[in-house]
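Data first, discussion second: the structure below is written as structure tokens.
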Amino acid sequence: MGSAAAAEQAGMMLLRQDTSMLGALAEAGLKEFASLAQRGLIDLKRLDHVLCHYSTNAFRDIVFDQLAATGAQIDTGRWFSNLETRGNTGAASIFIALEECWREGRFEPGQTVLLAVPESGRFSFGFAHLTCVGPEAPQAVQVPERATVPERAAIPVREPVVASEGSVFARLDAVWQDFEERLDDVPVMRRLADGESTLDDYLRLLFNLRQQVADGARWISRAASNFSVDYFDLRSAAIGHAQEEHRDFMMIERDYAACGGSIEAIRNGRKNIGSEALSAYMFCKASEPDPVGLLGAMFIIEGLGTGKAAGWAARFKEQLGLRDDQVSFLAYHGEADDDHFAKLQAILASPRVDDAAADAIVSTAKAVARLYALQLEELDNV
């Protein structure tokens, strides 16, 4: 009989996973998925969230490829993974992902969640289908949902909020209404609303937005660094938000190039005077100790995403005959900012927002609304 040392020397103790077998595991999982779908237990089109554990993005790509081969319509934006930020946490991974999504406010009452967990050692696959529920709530003021091409809405949120007179929500509602009136008077937005926009309008809008958006994650990161331990939850939220949005300006660049614009030109562009004022104000506020007032800035900016961006994307596509890859920035924020705004809404409704914080939030929202409109009024004025 050979010794353990001899076996080790022969390489028998080096345990490796044959990654070429991952395709077979994906196939086994998809067969089970198809079986559940045939029985009416899963409808991929109606799922709001899919949380799938995988140890490598290569496995995810295999799943996506095989689903696409079956003709399934895959909205990858609904798939959540924290592999890059949490690593492969093995048997705990699906629970960690579920808790992270819940804690960050990704789930809303009535939404559906599919959990998918493969186990490559035994080629087994487990699924769980969840439905989100919320606590019983008192009668609330109903705010209209965002439409495909949204019209005026008081507060750009999807869930009912209690907006009692004098509350931070009621005060921000007034700021938002004034902001919308200003946007209606901006020439490029007025032409879009009237069905008279041009490709030059859209290119100029992208060109000018890119210069300000490129600063976004930077001032959010600066704000995070200035939150003290007493505001540790806001620091964590800011860090996560900066991570999610620090590449957003690249989407604008791709849209711009897809519409015939020059990448070199947009990357070397200068901020217009409105963008200069907006970015300077943001960095100034972000540099203050515990800059809670920046929640007001987020109310305006994320409100534009959840309340306006999808409609703008739809109108530009319709009026200019654009493709999806030419309006990806606006379309993406029309979806992603719903989650961001839900998190913001939860913070605004929390005890953390006392009278002093509410004053700072509303004041900042007023300033950002005016400066954002100025940015759109002063296209190309550098």
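The values are calculated or read from the model by the stated rules, or taken from the named source; none is laboratory data. Just so it is clear, the structure is predicted and the values come from calculations on it, not from any experiment. Every residue, glycine among them, receives a Cβ derived from its backbone with ideal geometry; neighbour counts consider all protein chains shown. Heavy atoms of the whole protein, side chains included, go into the accessibility calculation; ligands, DNA and RNA do not. Shrake-Rupley method; radii C 1.70, N 1.55, O 1.52, S 1.80 Å.
Out of the residues in the stretch 78-96 meeting the condition of being aliphatic (A, V, I, L, M) and modelled with pLDDT under 80, tell me which one is least open to solvent (accessible area, probe 1.4 Å). Only one residue tops the list, namely Leu83.
Step by step: first the residues of the stretch 236-286, then only those that are farther than 25 Å from Ala331 by Cα and of a type in the set (Gly, Ala, Ser), then the one that is nearest to the chain's Cα centre (by Cα). Which residue is that? Out of the qualifying residues, it is Ser236.
Would you be able to tell me the number of residues in the stretch 360-378 that are under 21 Å from Gly274 (Cβ atoms) and open to solvent by 20 Å² or more (accessible area, probe 1.4 Å)? Spell out how you get there, then give the answer.
Residues of the stretch 360-378 that are under 21 Å from Gly274 (Cβ atoms), as a first pass: 363-378.
Then keep just the ones that are open to solvent by 20 Å² or more (accessible area, probe 1.4 Å); that gives 363, 366-367, 370-372, 374, 377-378.
Looking only at that region, the number is 9.
In the stretch 235-260, the residues that are open to solvent by less than 40 Å² (accessible area, probe 1.4 Å) form Cβ pairs under 7 Å with partners that are at pLDDT below 85 and of a type in the set (Ser, Thr, Tyr), at six or more places apart or across chains, as follows: Met251/Tyr332.
Applying a threshold of 6 Å to beta carbon distances and a minimum spacing of six or more residues, or different chains, the list of pairs starting in the stretch 215-228 at a residue that is over 14 Å from Leu278 (Cα atoms) and ending at one that is of a type in the set (Val, Ile, Thr) and at pLDDT below 90 reads Ala224/Ile239.
Within the stretch 36-45, is there a residue that is modelled with pLDDT under 65 and either in contact with a Lys or Arg (Cβ under 6 Å, 6 or more places away or on another chain) or among the charged types (D, E, K, R) (or both)? Checking the stretch 36-45: not a single residue is modelled with pLDDT under 65 and either in contact with a Lys or Arg (Cβ under 6 Å, 6 or more places away or on another chain) or among the charged types (D, E, K, R) (or both). Of the helices (runs of 4 or more DSSP H) that lie entirely inside the stretch 217-284, those containing 1 or more residues that are under 15 Å from Leu206 (Cβ atoms) and in contact with a helix residue (DSSP H, G or I) (Cβ under 9 Å, 6 or more places away or on another chain) span 248-258, 263-267. Mind checking whether some residue in the stretch 300-321 is out of contact with any His (no Cβ under 8 Å at 6 or more places or on another chain), more than 22 Å from Phe179 (Cα to Cα), open to solvent by 20 Å² or more (accessible area, probe 1.4 Å) and hydrophobic (A, V, I, L, M, F, W, C)? The answer is yes, given that some residue of the stretch 300-321 is out of contact with any His (no Cβ under 8 Å at 6 or more places or on another chain), more than 22 Å from Phe179 (Cα to Cα), open to solvent by 20 Å² or more (accessible area, probe 1.4 Å) and hydrophobic (A, V, I, L, M, F, W, C).
Pick from Ala342, Ala331, Ala357: which is in a helix (DSSP H, G or I) and open to solvent by 40 Å² or more (accessible area, probe 1.4 Å)? Show your work before the answer.
Details: Ala342 fails: open to solvent by 40 Å² or more (accessible area, probe 1.4 Å); Ala357 fails: open to solvent by 40 Å² or more (accessible area, probe 1.4 Å).
Residue meeting the stated conditions: Ala331.
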